[in-house]
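To start, the structure under review is shown below, and the notes come after it.
Every read-out reported here was derived from the displayed coordinates using simple, explicitly stated rules and does not represent laboratory data. All values reported here derive from a predicted model rather than from experimental measurement. All Cβ positions, even for glycine, are placed from backbone atoms using ideal geometry, and neighbour counts span all protein chains on display.
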Amino acid sequence: MISKQTKHYRNNKIYFKMYNIINKDRILDEHKEYYKNNKEKWKNQQKSKEVDRKAGKKYRVKQKILVINHYGGKCVCCGETNLVFLTIDHINNNGSTHRKEIGSNLARWIIKNQYPIGFQVLCWNCNLGKHLNNGICPHTFNEDWEYEL
């Protein structure tokens with residue numbers, strides 16, 4: 001059963017969508033007028049957004065460094081140590097379902113959950129190779145193995 005709040009939200013959403021379609025030109029004119037009258041304020045807001053983006057990226061990189069260092073600091077397959085090439089891998093190949101459960105920031109989740117087991121550091125090449133080869137990195141192939149296309 002749908003609650004009254006949900007029905008009200010859906011009705012408002014439809015109403016505002018229609019309102020925006022019908023009044024598109026007027027709304028656009030209002031936005032242009034606001035920008036013209038508040039140019040400095042708008043520019044400061046854009047600068048603030050850029051500063052926030054840079055601070056957020058710096059924070060995410062720090063989190064990634066913490067997590068990668070905790071799990072060994074290098075690719076467990078080939079030994080790559082350059083941070084740009086390293087990523088966190090789900091050992092059990094369940095990364096897709098796990099990311100759907102937790103959202104996009106894996107490093108934040110790992111730190112919040114006190115570095116659980118089940119993760120390893122791989123470089124992007126080994127991680128993609130593992131994905132394409134049913135969980136086995138190409139570096140570990142024996143010469144007797146046949147590769148199927």
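Key figures for this structure:
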| quantity | calculated |
| --- | --- |
| Computed lengthening from Lys36 to Leu128, 0.36 nm per intervening residue step minus Cα-Cα distance | 28.2 nm |
| Of Lys13/Lys39; Lys24/Lys49; Lys58/Lys112; Lys54/Lys74; Lys32/Lys57, pairs whose Cα-Cα distance is over 20 Å | Lys13/Lys39; Lys24/Lys49; Lys54/Lys74; Lys32/Lys57 |
| Cubic angstrom per residue, convex hull over Cα atoms of the chain | 253 Å³ |
| Percentage relative contact order, the range 47-140, counting C-alpha pairs under 8 Å, at least six apart | 34 percent |
| Exposure proxy ranking, count of Cβ atoms within 10 Å, fewest first, for Glu80, Glu33, Glu40 | Glu40, Glu33, Glu80 |
| Chain lengthening between Glu50 and Asn94 when straightened (0.36 nm per residue, less Cα-Cα) | 12.4 nm |
| Length gained when the stretch Cys78-His139 is fully extended (0.36 nm per residue, less Cα-Cα span) | 21.2 nm |
